[in-house]
Amino acid sequence: MVRASRWLGWWRSSGPGRWRLGLALVGVLALPAAAGPDGVTYSRDIAPLLATNCQACHRDGEIAPFPLTSYDDAYPRRQKLLRTVERRKMPPWPPVPGHGDFVGERRLADADIARLRAWVQAGAPEGDARDLPPPRAFPALWSAGDPDVVLVPAVAFDVPSADRDLYRCFVVPTAFAEDRYVSVAEYLPGDRRIVHHVLGYIETSGQAEALDRAEPGPGYTCFGGPGFVARGGLGGWAPGAPPTAMPDGVGMLLPAGATVVVQVHYHNRTGTTVPDLTRVGLRFARATVDKRVRVLPVLNREFLIPAGAERHVVRASYTLPPTWHMHAIGISPHMHLLGREMRVTVTYPDGTSRPLIYIDDWDFHWQGSYTFRTPVPLPGGSRIDVEAVYDNSSRNRRNPTLPPRDVRWGEGTADEMCIAFVRTTVDVERLGHQPTYLVPLARQP
């Protein structure tokens, strides 16, 4: 207290000089710290980390709310960056480690988080600009190479501006006279600022066209799903996730004359209506296809989640017939806004079990389609179990109905689902399908 009083007395009596000193002190405190030659700096240590893990979304024209491509971008957000990575909110990667081994895992290593923490604690020094890595290059258009055919809706859809989530399905017919096998499906958002994610479905019954005709404008509203039982899928897109290429000899069947339905999740916060024309580029198999991708939907439609229940468990199960010998190549869990957790396991005929995926903090807005690094064997008699947890209480900030009401299966925003889509191949399948169409193929508009 004595020292503080003496300093305050000097401050009051020192005249104009105190203001000059005060401004100088403020300037020093506002500047980032300078690091020594061995300290963590933005240029040498943090810029490469952000380029690798963040800039796919955090750059101009992408879905993230701010860029992270320069020191001036990162410095004022340093505390927020540290909090989000320490809580594992960013980069967005819902699966829990150790429950399935997936391609393209977007998780920061503990050493990366420690490096970011050390940088923030040191005052976030910029360092020497000569240490900066070259700017990360992103594909100008198709990252998997030019597709054989591009499917595109007839007209653009005007996405209204609102702080909400809009799901729209667009129906794109094909006119192929023969079955074709797709090795890569790549989605190209029309406006990356507002497209959150995209999913592709194959339809052959005509239901999608009827849904489209029943609603004005391009496409139709489709929050929970496409509104029909899909004949198959064509993967999807999310910011930062590269398109998945099928292994040699494996293809996604596109039946002759099938319709492709593209479901787009929009999140438009631009303040104005934005036209969007999202496209899908298909690359067909060049070599003989011996195995087709088949989807096993492990689901439960007969459930009721009571109003007020904070941890209501719904289970689903499917046992492969004894003669079905398969491999799982990927998995896509699906719930709505009440979902909190989903665990999927396989139990083998000998009683041993293996985790396929576990998501302990479900977020409907960060759905994913995950590809196993190594296909998981599913011999005949294997049982796939799904355990889903839902929070239908008023404490759930995502609950679309307040006060809560009983919830059952349904397509709507306030309904729920319990599904794990398991992508598989059949071990003994020998299709021997050899492409007969000419390459290159005619491209649609």
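Things to note:
- Tabulated pairs, region 302-320, first basic (Lys, Arg), second outside any strand (DSSP E or B), C-beta under 7 angstrom, 6+ apart or interchain: Arg311/Asp391; Arg315/Asn300
- Checking every residue in region 392-406 against the condition of being assigned to a strand (DSSP E or B) and not assigned by TED's automatic domain parsing to the domain that holds Phe223 gives zero matches.
- Taken over region 340-374, the criterion of being part of a strand (DSSP E or B), exposed (fewer than 14 other Cβ atoms within 10 Å of the Cβ) and in contact (Cβ under 8 Å) with a residue 24 or more places away in the chain is satisfied by Arg373, Thr374.
- Residue check, Pro94 in contact (Cβ under 8 Å) with a residue 12 or more places away in the chain, crowded, with 18+ Cβ neighbours inside 10 Å and within 30 Å of Thr345 (Cα to Cα): yes
- Any chance Ala414 is out of contact with any Gly (no Cβ under 8 Å at 6 or more places or on another chain), outside the structural domain of Leu304 (by TED's automatic domain parsing) and modelled with pLDDT under 95: no
- Note on region 47-105: residues that are aliphatic (A, V, I, L, M) and assigned to a helix (DSSP H, G or I) total 8.
- Remark: Pro275 falls outside the filter, which requires a residue to be in a loop (DSSP other than H, G, I, E, B), touching a residue at least 40 places away in the same chain (Cβ under 8 Å) and surrounded by fewer than 18 Cβ atoms within 10 Å (Cβ to Cβ).
- Of all the numbered requirements in (1) farther than 30 Å from Cys57 by Cα; (2) surrounded by fewer than 15 Cβ atoms within 10 Å (Cβ to Cβ); (3) of a type outside the set (Asp, Glu), Thr270 misses one, and that requirement is (1).
- Evaluation of Asp290 against (1) free of Cβ contacts under 8 Å to residues at least 60 places away in the same chain; (2) more than 22 Å from Cys418 (Cβ to Cβ) (one fails), failing number: (1)
- Restricting region 103-126 to residues that are in contact with an Asp or Glu (Cβ under 8 Å, 6 or more places away or on another chain) and under 12 Å from Tyr42 (Cβ atoms), the residue that is surrounded by the most Cβ atoms within 10 Å (Cβ to Cβ) is Trp119.
- Among the conditions (1) within 21 Å of Thr425 (Cα to Cα); (2) not in a loop (DSSP other than H, G, I, E, B), Pro321 misses just one, which is (2).
- Whichever residue in region 137-157 is assigned to a strand (DSSP E or B) and within 23 Å of the chain's Cα centre (by Cα) and, among such residues, is surrounded by the most Cβ atoms within 10 Å (Cβ to Cβ): Leu151
- The set of residues in region 368-407 being modelled with pLDDT of 95 or more, of a type in the set (Ser, Thr, Tyr) and more than 25 Å from the chain's Cα centre (by Cα) consists of Ser382, Ser393, Ser394.
- Qualifying residue in region 363-383 (condition: aliphatic (A, V, I, L, M), over 29 Å from Thr319 (Cβ atoms) and either in contact with a strand residue (DSSP E or B) (Cβ under 7 Å, 6 or more places away or on another chain) or not assigned by TED's automatic domain parsing to the domain that holds Trp93 (or both)): no
- Matching residues in region 202-235 - criterion: being assigned to a strand (DSSP E or B) and touching a Leu at 6+ places or on another chain (Cβ under 7 Å): Ile202, Tyr220, Gly232
- Extreme residue, nearest to Val184 (Cα to Cα), among residues of region 286-309 that are out of contact with any Pro (no Cβ under 9 Å at 6 or more places or on another chain) and outside any strand (DSSP E or B): Val293
- Counted residues, region 156-181 - those being among the aliphatic types (A, V, I, L, M), more than 30 Å from Cys54 (Cα to Cα) and modelled with pLDDT under 95: 2
- Search result, residues across region 210-237 that are among the aliphatic types (A, V, I, L, M), surrounded by 19 or more Cβ atoms within 10 Å (Cβ to Cβ) and closer than 21 Å to Thr413 by Cα: Leu211, Ala230
- Taken together, the criteria place Tyr167 among residues that are under 28 Å from Arg59 (Cβ atoms), touching a residue at least 12 places away in the same chain (Cβ under 8 Å) and part of a strand (DSSP E or B).
The values are calculated or read from the model by the stated rules, or taken from the named source; none is laboratory data. Because the structure is predicted, anything quoted here is derived from the model rather than measured. Glycine gets a Cβ as well: all are built from the backbone with ideal geometry, and neighbour counts include every protein chain shown.
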